[in-house]
Amino acid sequence: MIQLSVKEYLKNKWFNFFSIILLISMILSSVILISTMEKQTRIYRMLKPYMGDKGIYGATVDDECIESLQRVDKVFAGSVTYCSLNDNEVAEMLVYDKRVERYFKPVLSEGGWLRENPQSEDMISAVISNNNLGIKTGDVITVRVTSQNGEEEQRQIYISGVFSDGQKIYNTEVYLHSDFKFSEMFDTYSYEQLDGIVLITNMKEYDKWKDSVVTRLYKPIIRFEDGITEEEMSYNVEVLDDYHSEISGLKGNIGEINDLGAISKRSRREMRSLYVSYIPLVMVAFILVCLGIIGINTVKTALNTKYFAKLYLCGMNWYHNMIFVTFEMIINCIAAFFLSVVIIYILRLFGIFGRVYAEIHARQAGFIILMCVAIIIVSLLMVCKVMHENSPVDILKDE
Amino acid sequence: MIKMENVSKVYHKGRDNEFYALRDVDLTITDGEFVSIIGKSGAGKSTLMHLIGCIDSFEMGKYELNGMDISKIRGSRKAAIRNAEIGIVMQDFALVDEYTVEENVMIPLYFSKDRHNRKERVAKALELVNIADLSKKTVSKLSGGQKQRVAIARALVNEPKIILADEPTGALDSQTGREIIDVLQTLNSMGKTVIIITHDMEIANRAGRIIQISDGKVAMS
């Protein structure tokens, strides 16, 4: 049957060609929609383990302060170091931990992500934003940083890449307000809008400096254990208030706007509405293509009933022609998938996608496979209906 | 051996438009016979042929093929009978025009349990009908007589004991038709049971026995 299936496939090459085109359009539109949806909701997927009913966001803390709190479950915090590039220019160096690096590693316009300096492995590697200082990939820059003993020291940084405007980076200007949601923790970077020069590195690189350079924990999420009591909570708030007073001289740091539970609730609501807004688009794309594919298969089968009647005379079971349909659809789905991957790669290579975001990861691949299986099943049902309505005897009589 | 007892084929059974295409057919065809089934248009010849060839099913009666009760077997077993025990030749050839002669004759072998030596078996079948030199030609480019030979070769490729031919000369001129009947007679002389459906008395008379069908019943045998 495989040999005959191949013959049948080649005999229907134009039907199969159009099936593949339709499938490619479905895959591309689904990949773009899901990728865009993923990109817009990545902050929530990253912070999901830290969102909870009991906790505090945005307090002024350091590691020692956190250790003195009671019933701490998880802590998420950005790290920032300030580097003077010259007398006039100070750059923020954002230090991404593994989680942030996974979800928010910037797309580079040149170079590579945190490659080591081939001449010196001890040098910290970082990527830099657009800048008017002419700093580019491969440069080694000398910066002044504040050491743990309060003195300024010179350090060298190897620039392994440059990221362009439009990237979502950690927002060090977060303004906490009564409707704050976690999506505001990352902001779109723009050098031209005076965001200044930004360097980004990761924890692994930064470990080379960590014990000697001052780093600030920025707006941490402190999630407490679910069983924390009111007394323990009050104690923690007092500790944080005292620490804030000590650092800034101001009192009353922690208030309702820092309540992790409320922020988490608003954030989850925003995430759900994002997902919901995309679902209809994905479903419409799927349904349209489904109808197209099913229509093609139904027409093809109806036109091929005479051929199937001839095979029936030669000893084929009438409904075994569904093997041909299954074979064709599987080949078409596999071909469409691979061609879609190639198309996405080529479009990204030549920058044709622009701001459209399209990547194929496990989630997209899983969804595509699911859609293909659904299309195959529905196609088979339609074909089955056509075969049921056309008996081989009637077809042979008409001949 | 083919044995039918009180076989009836009914359409729309139990409804107002109930119609008996065949009624109480009793029929016995022994191995090695050359039988022609004759009758006017609409008499039930093709219906009888479809039942004998396991192309269609019947509602009443009993049909035994080589001792096997056909009414008790399922679709896949009937498919196997059409594949290996009965070779079927149709008036309009029922060939795949886009395929070559060799590819058309190969088709039954794709459904056969025995898949060995396919090319040799195809060549042998083509030799039997004297068209071995046409094996690579596309069927659409052949004459009517050549196409019917291809159809016969396809019916023979699995070496069935029975050849069933429905109006095998219906689409051919008289000279070509006689040649096709010669081929069928040769197959009969090799021991195959040959059953042909025809409305042409001249063709019918070349068989060893004539069965006449009229209004769905066997009128004469």
Among the candidates A:VAL31, A:VAL72, A:VAL107, residue that is under 25 Å from A:LEU176 (Cβ atoms) and either away from chain B (no Cβ under 14 Å) or crowded, with 18+ Cβ neighbours inside 10 Å (or both): A:VAL72
Would it be correct to say that A:LYS251 is at pLDDT below 85, away from chain B (no Cβ under 14 Å), farther than 30 Å from A:MET46 by Cβ and surrounded by 20 or more Cβ atoms within 10 Å (Cβ to Cβ)? no
So A:TYR175 passes all but one of these: (1) in contact with a Pro (Cβ under 8 Å, 6 or more places away or on another chain); (2) under 30 Å from A:GLU230 (Cα atoms). Which condition number does it fail? (1)
For A:TYR235, the lone unmet condition from (1) surrounded by 15 or more Cβ atoms within 10 Å (Cβ to Cβ); (2) farther than 25 Å from A:MET51 by Cα is (2)
Tell me the strands (runs of 3 or more DSSP E) entirely within segment B:140-218 that contain at least 3 residues that are more than 19 Å from B:THR47 (Cβ to Cβ). none
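When you go through A:GLU8, A:GLU38 one by one, which is the residue that is among the acidic types (Asp, Glu), surrounded by 16 or more Cβ atoms within 10 Å (Cβ to Cβ) and under 30 Å from A:VAL284 (Cα atoms)? Reasoning before the result, please.
On the way: A:GLU8 fails: under 30 Å from A:VAL284 (Cα atoms).
Only one candidate qualifies: A:GLU38.
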From B:ASP166, B:ASP200, grab the single residue that is buried (at least 16 other Cβ atoms within 10 Å of the Cβ), more than 13 Å from the chain's Cα centre (by Cα) and of a type in the set (D, E, K, R). B:ASP200
I'm trying to understand the selection: among the residues of segment B:102-122, which are away from chain A (no Cβ under 13 Å) and farther than 22 Å from B:THR193 by Cα? B:HIS116, B:ASN117, B:GLU120
Could you grab me the full set of residues in segment A:139-179 that are of a type in the set (Gly, Ala, Ser), buried (at least 16 other Cβ atoms within 10 Å of the Cβ) and not in a strand (DSSP E or B)? none
Among residues of segment B:100-123, those that are hydroxyl-bearing (Ser, Thr, Tyr) and over 18 Å from B:GLU85 (Cα atoms), counted: 1
Scan segment A:195-236 for residues that are over 16 Å from A:VAL61 (Cα atoms) and in a strand (DSSP E or B) and report the count. 6
Kindly provide the set of residues from segment A:128-177 that are touching a residue at least 40 places away in the same chain (Cβ under 8 Å), within 30 Å of A:SER264 (Cβ to Cβ) and over 23 Å from the mean Cα position of the chain (by Cα), ordered by number. A:LEU176, A:HIS177
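Being touching a residue at least 60 places away in the same chain (Cβ under 8 Å) and in contact with a Lys or Arg (Cβ under 6 Å, 6 or more places away or on another chain) narrows it down to one residue among A:LYS98, A:LYS54, A:LYS39, A:LYS74; which is it? Talk me through it step by step, then tell me what you get.
Numbers: A:LYS98 fails: in contact with a Lys or Arg (Cβ under 6 Å, 6 or more places away or on another chain); A:LYS54 fails: in contact with a Lys or Arg (Cβ under 6 Å, 6 or more places away or on another chain); A:LYS39 fails: in contact with a Lys or Arg (Cβ under 6 Å, 6 or more places away or on another chain).
One residue alone meets the criteria, A:LYS74.
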Residues of segment B:82-101 satisfying the condition of being facing chain A (nearest Cβ under 8 Å) and either among the β-branched types (Val, Ile, Thr) or in a strand (DSSP E or B) (or both): B:ILE88, B:VAL96
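Let's see how each residue does on (1) outside any loop (DSSP other than H, G, I, E, B); (2) within 18 Å of the chain's Cα centre (by Cα):
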{"site": "B:SER8", "(1), (2)": "yes, no"}
{"site": "B:LYS13", "(1), (2)": "no, no"}
{"site": "B:TYR20", "(1), (2)": "yes, no"}
{"site": "B:ALA43", "(1), (2)": "no, yes"}
{"site": "B:ASP56", "(1), (2)": "no, yes"}
{"site": "B:TYR63", "(1), (2)": "yes, yes"}
{"site": "B:ARG77", "(1), (2)": "yes, yes"}
Would segment B:78-86 turn up any residue that is modelled with pLDDT of 90 or more and closer than 18 Å to B:VAL183 by Cβ? yes
Can you tell me which of (1) more than 9 Å from chain A (Cβ to nearest Cβ); (2) in contact (Cβ under 8 Å) with a residue 12 or more places away in the chain; (3) surrounded by fewer than 18 Cβ atoms within 10 Å (Cβ to Cβ); (4) more than 23 Å from B:GLY53 (Cβ to Cβ) is the one B:ALA132 doesn't meet? (2)
Mind listing just one residue for me: the one in segment B:35-77 that is crowded, with 20+ Cβ neighbours inside 10 Å and of a type in the set (S, T, N, Q) and, of those, nearest to the other protein chains (Cβ to nearest Cβ)? B:SER46
Could you tell me whether A:LYS48 is modelled with pLDDT of 85 or more, assigned to a helix (DSSP H, G or I) and not hydrophobic (A, V, I, L, M, F, W, C)? yes
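The values are calculated or read from the model by the stated rules, or taken from the named source; none is laboratory data. Everything numeric in this text was worked out from a predicted model, so none of it was measured. Note that each Cβ is placed from the backbone with ideal geometry, even for glycine, and that neighbours are counted across all protein chains shown.
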